[in-house]
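Structure record follows, encoded as structure tokens.
The values are calculated or read from the model by the stated rules, or taken from the named source; none is laboratory data. Given the structure is predicted, the values throughout are model-derived calculations rather than measurements. Backbone-built Cβ (ideal geometry, glycine too); neighbour counts: all protein chains shown. These area figures cover heavy atoms from the full protein model, side chains too; ligands, DNA and RNA do not enter into them. Shrake-Rupley method; radii C 1.70, N 1.55, O 1.52, S 1.80 Å.
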Amino acid sequence: MFIQKIIFTVYFNLFFFLCFPLYAQQERGLQFLNHPDYIAGKGYGESPAVARQAALGELSRYFVSQVTTETREFVEMKDSESSSRLSQETFVSSQTDLFSVRYGEPHYLEGQSLWECVAYINRQEAWGVYKQRLEPLVQTFARLCQSTREESDPLSCLLFYSRALSLAQKNELSSKQAFATALYPAGATALAPLLEDLGALEAKIPVLANQCPVYVECSQDFNNMILTATTETLSRQGLVVTNDKACTEYICIVTVTENLQELSGGNFYTPQVQISLACGNKSLYAQSFSIQRTGARNGSVAKQRCYKAIADELRKSFLEE
């Protein structure tokens, strides 16, 4: 019986010492370093908290490097290298915040008087979260680009492309696709066909714009506020605005109904605005909006406020639908 206890103790101790390094490695998350199913970073610091933050920094550094490289494949980066990298670091930080980054148990390194910590992400798990954000944007972008292939009119094509480009720029779609490629290549590859037009949009828009110059016509205006706002918005969409009505079939008509009330307390406007883009008798785009009641005791001031409010709304919403 005594001998059996000795044998049991020996086997237990042998098992403990053989397996303890494995348990320690698992607790510290070291097994996720260089693991194909994980993205991991190891950091060091004078305290567990500092080591965790350093590990997160290493995790982000991986994405920054990959995203910067991949983004260049989509759209040539025009900023300086330093500002581009800072922009990508900010972008990566905001994207990584979507995930539940996990941390191994911080470990104190006696010889170096430092704490060590591992931060890691499960690629497939994180992709499940990221795909929910990315896929609807990609599908909307693809639908807009597909619409151009179903149109024969160059202005209609340009409007769809401009909306697609605006969507891509506002949502940093090229960077998001690059981030997806770094995070989960198989998932990004599946979405890639829907983004095939992304890199070529900026080149396609000017070509179409030269085929369809637009003449702007305003039924009511004040100090050219409506004409200026309309021209600026069309130009922002990539369209060429012409002053010669005879040189184009494309006309943008802005109709303002002032709905003026002249009261004892002053003049008040509740304007309604209709905008249309047409080629001959074919309507290509139509939009309408109303402005909340505005006015002033002085008639000129009241009218100026009214038309400024219209111009501001026009810049904000025209061609954004």
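Answer yes if at least one residue in the range 166-186 is in contact with a strand residue (DSSP E or B) (Cβ under 6 Å, 6 or more places away or on another chain), part of a helix (DSSP H, G or I) and either among the small types (Gly, Ala, Ser) or exposed (fewer than 13 other Cβ atoms within 10 Å of the Cβ) (or both), and no otherwise. If you could, list the steps in order and put the result at the bottom.
Keep residues of the range 166-186 that are in contact with a strand residue (DSSP E or B) (Cβ under 6 Å, 6 or more places away or on another chain), which gives none.
Checked the range 166-186: no residue is in contact with a strand residue (DSSP E or B) (Cβ under 6 Å, 6 or more places away or on another chain), part of a helix (DSSP H, G or I) and either among the small types (Gly, Ala, Ser) or exposed (fewer than 13 other Cβ atoms within 10 Å of the Cβ) (or both).
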Where Pro193 falls short, out of the listed (1) within 30 Å of Val138 (Cα to Cα); (2) surrounded by 19 or more Cβ atoms within 10 Å (Cβ to Cβ): (2)
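Per-residue answers, yes or no, for (1) out of contact with any Asp or Glu (no Cβ under 6 Å at 6 or more places or on another chain); (2) under 20 Å from Phe141 (Cβ atoms); (3) modelled with pLDDT under 95:
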residue: Arg163; (1), (2), (3): yes, yes, yes
residue: Gln169; (1), (2), (3): yes, yes, yes
residue: Phe179; (1), (2), (3): yes, yes, yes
residue: Gly199; (1), (2), (3): yes, yes, yes
residue: Ile205; (1), (2), (3): yes, yes, yes
residue: Ser235; (1), (2), (3): yes, no, yes
residue: Gly280; (1), (2), (3): no, no, yes
Among the numbered conditions (1) modelled with pLDDT of 65 or more; (2) open to solvent by less than 90 Å² (accessible area, probe 1.4 Å); (3) part of a loop (DSSP other than H, G, I, E, B), tell me where Pro36 comes up short. (2)
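Considering only residues of the range 273-288 that are of a type in the set (S, T, N, Q) and surrounded by fewer than 15 Cβ atoms within 10 Å (Cβ to Cβ), which is nearest to Ser162 (Cα to Cα)?
Looking at residues that are of a type in the set (S, T, N, Q) and surrounded by fewer than 15 Cβ atoms within 10 Å (Cβ to Cβ), I get Ser283.
Out of Glu135, Glu105, Glu125, Glu110, I need the residue that is of a type in the set (Asp, Glu) and closer than 29 Å to Ala164 by Cβ. Which one? Even if it seems obvious, please write down each step before you answer.
Working: Glu105 fails: closer than 29 Å to Ala164 by Cβ; Glu125 fails: closer than 29 Å to Ala164 by Cβ; Glu110 fails: closer than 29 Å to Ala164 by Cβ.
Result of the check over Glu135, Glu105, Glu125, Glu110: Glu135.
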Among what's in the range 241-260 and is open to solvent by 60 Å² or more (accessible area, probe 1.4 Å) and aliphatic (A, V, I, L, M), pick the residue that is modelled with the lowest pLDDT. Ala246
For Lys316, which of the numbered conditions (1) of a type outside the set (Phe, Trp, Tyr); (2) surrounded by fewer than 19 Cβ atoms within 10 Å (Cβ to Cβ); (3) in contact (Cβ under 8 Å) with a residue 60 or more places away in the chain fails to hold? (3)
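Is it true that some residue in the range 202-224 is under 19 Å from the mean Cα position of the chain (by Cα) and within 30 Å of Tyr130 (Cα to Cα)? Let's see the steps before the verdict.
Step one: filter the range 202-224 for residues under 19 Å from the mean Cα position of the chain (by Cα), giving 202.
Now restrict to residues that are within 30 Å of Tyr130 (Cα to Cα): 202.
Scanning the range 202-224, I find at least one residue that is under 19 Å from the mean Cα position of the chain (by Cα) and within 30 Å of Tyr130 (Cα to Cα), so the answer is yes.
Across the range 98-150, what is the number of residues that are aliphatic (A, V, I, L, M), open to solvent by 40 Å² or more (accessible area, probe 1.4 Å) and assigned to a helix (DSSP H, G or I)?
The first filter runs over the range 98-150 and keeps only residues aliphatic (A, V, I, L, M), leaving 98, 101, 109, 114, 118-119, 121, 126, 129, 134, 137-138, 142, 144.
Filter once more, so that each one left must be open to solvent by 40 Å² or more (accessible area, probe 1.4 Å): 98, 114, 129.
Applying the additional criterion that residues be assigned to a helix (DSSP H, G or I) yields 129.
Qualifying residue count for the region: 1.
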Gly199: passes all of (1) surrounded by fewer than 19 Cβ atoms within 10 Å (Cβ to Cβ); (2) in contact (Cβ under 8 Å) with a residue 12 or more places away in the chain; (3) farther than 24 Å from Arg133 by Cβ but (3)
